[in-house]
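So the structure is just underneath, and the comments pick up after that.
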């Protein structure tokens, strides 16, 4: 395993020489600092919250410090819970489990499956054609008197198009109507600073494996009342304050531990916290500017290829992160992706990206814009991050020009 320097010092990511990784939106490579933090802790690895020995005490301290660091990265308020989960999907399923009985959930049809499937009979709004339409659509939906608790759940950045959603404005509308809002920040957090206090978000979910910490940890951050009122989704040691002799004599604890039964993923938490701390210390504005340069280079290059049409939900100049999906006229995306990997050592994603309703719709719209309506079209996705260089982008464009 070798490292590829991409930005000074601590922002190094691990990689394999000769391989071009343009699949960051699926799973980002490991930040070297995260791998080093895990390696340093491994000799001390022991139980968390379970013992008086030096190893257990050290691991408990590292685990709780990690919780604080991740909470700070997300902009958590003093009374928010920071619950470690497996990933964003796990976090949003946990939130769905904790909703008060009868809660009305409002989502958009453009969501990743992680934010589309966990909710019980949600109100699913149509895919908007602009950020402004998204705001109007939500305001209209919330004008109904649901006579229940209401949760709006929306992505911060699309995993299909990379487009940024107006979450601050959506939060304002939700709160004006007495609703809460949850944000799927799986794609947002690796690219853009997220401050849920400043954005006035009620809940935030993200994944370590999207955030350069592929050690199996994610997080749900948010208001504690619903989380403390719900029974644990997973019942076991650590989630209890007391267990009596009778089967019904159980007192569940409150706070994050209520939903972290069993031995926690210490190494995942430590790795995620290390990435959060490293990014907090970095010049995020400079990183964003660099990413936008690479993104523009990629989009401009794709626009010059015959038979290629970019997928988009909003207007072409809508703000976005470094994710681009595109349709290829009459070609199978799996075939193209396989050729890029085998012949050119370039990794991209193909398919519907775990957002099937949105991807199918956008593929249809792209075929109309491209002038090949009715001709089969499939999708490819290229996504960039800390390890991406101009030569990587140019290599993809050159390879596509030979394969299409």
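Coordinate-derived values only; no laboratory data. Owing to the predicted nature of the structure, the values given are computational and were not obtained by experimental measurement. Note that we place each Cβ from the backbone using ideal geometry, even for glycine, and neighbour counts take in every protein chain shown.
For residue 121 and residue 339, FRET efficiency with R0 = 41 Å and r from the beta-carbon atoms, rounded to 0.05?
0.45
Mind giving me the nanometre distance, one decimal, between the label points for residue 40 and residue 172, set 7 Å out from Cα along Cα→Cβ?
4.2 nm
Using only helices, what value at 222 nm comes out for the chain when you add -39,500 (n - 2.57) per DSSP H run of length 4 or more and divide by the total residues, to the nearest 500 deg cm²/dmol?
-11500 deg cm²/dmol
Enter the angle in degrees (range 0 to 90, nearest 10) between the Cα long axis of helix 356-370 and the first principal axis of the Cα atoms of the chain, meaning the one along which they spread out most.
For 356-370 against the chain, the angle is about 20 degrees.
I need the peptides 177-185, 274-282, 193-201, 49-57 ranked by packing, meaning the mean over residues of other C-beta atoms within 10 angstrom, with the highest value on top.
Result, highest mean first: 177-185, 274-282, 193-201, 49-57.
Which angle from 0 to 90°, rounded to the nearest 10, does the C-alpha axis of helix 266-281 make with the longest principal axis of the chain?
Relative to the chain, helix 266-281 is tipped by roughly 60 degrees.
D for the chain, whole µm²/s, Stokes-Einstein with Kirkwood Rh over alpha-carbon pairs at 4 °C and 1.567 mPa s: what number? If you can, show how the numbers build up before the last one.
On the way: Rh = 22.2 Å.
Reported coefficient: 58 µm²/s.
Using packing as a proxy for protection, rank 284-295, 202-213, 237-248 so that the peptide with the highest average count of other Cβ atoms within 10 Å comes first.
Per-residue mean Cβ counts within 10 Å order the peptides as 202-213, 284-295, 237-248.
Tell me the angle of helix 333-344 to the major Cα principal axis of the chain, expressed in degrees between 0 and 90 and rounded to the nearest ten.
80 degrees
So in the chain, what percent of DSSP beta bridges are antiparallel if you round to the nearest 5?
If we restrict to bridges inside the chain, about 65 percent are antiparallel.
Would you mind ranking 108, 215, 353 by Cβ crowding within 10 Å, fewest neighbours first?
Arranged by neighbour count, lowest to highest, 108, 215, 353 become 215, 353, 108.
Using the per-residue mean of other Cβ atoms lying within 10 Å as a proxy for protection, in what order, highest first, do the peptides 86-98, 363-375 fall? The partial results should precede the final answer.
Details: 86-98: 22.5, 363-375: 15.1.
So the peptides 86-98, 363-375, ranked by packing, come out 86-98, 363-375.
When the Debye formula is applied to the Cα atoms of the range 64-145, each taken as the same point scatterer, what base-10 log of I(q)/I(0) results at q = 0.18, 0.23 Å⁻¹?
Result of the Debye calculation: -0.95, -1.12.
Could I have the simple spin-label model distance between residue 113 and residue 68, label points 7 Å from Cα toward Cβ, reported in nm to one decimal?
3.9 nm
Please work out the Cα center distance from the range 74-139 to the range 299-342, rounded to the nearest Å.
First find each Cα centre; the distance between them is then 27 Å.
Taking neighbour Cβ counts within 10 Å as the exposure measure, how do 383, 47 sort from fewest upward?
Ranking 383, 47 by Cβ neighbours within 10 Å, fewest first, gives 47, 383.
Which of rounded, prolate, oblate describes the range 1-98, given a ≥ b ≥ c as roots of the alpha-carbon gyration tensor eigenvalues and a/c under 1.5 marking rounded, otherwise prolate only if a/b is larger than b/c?
oblate
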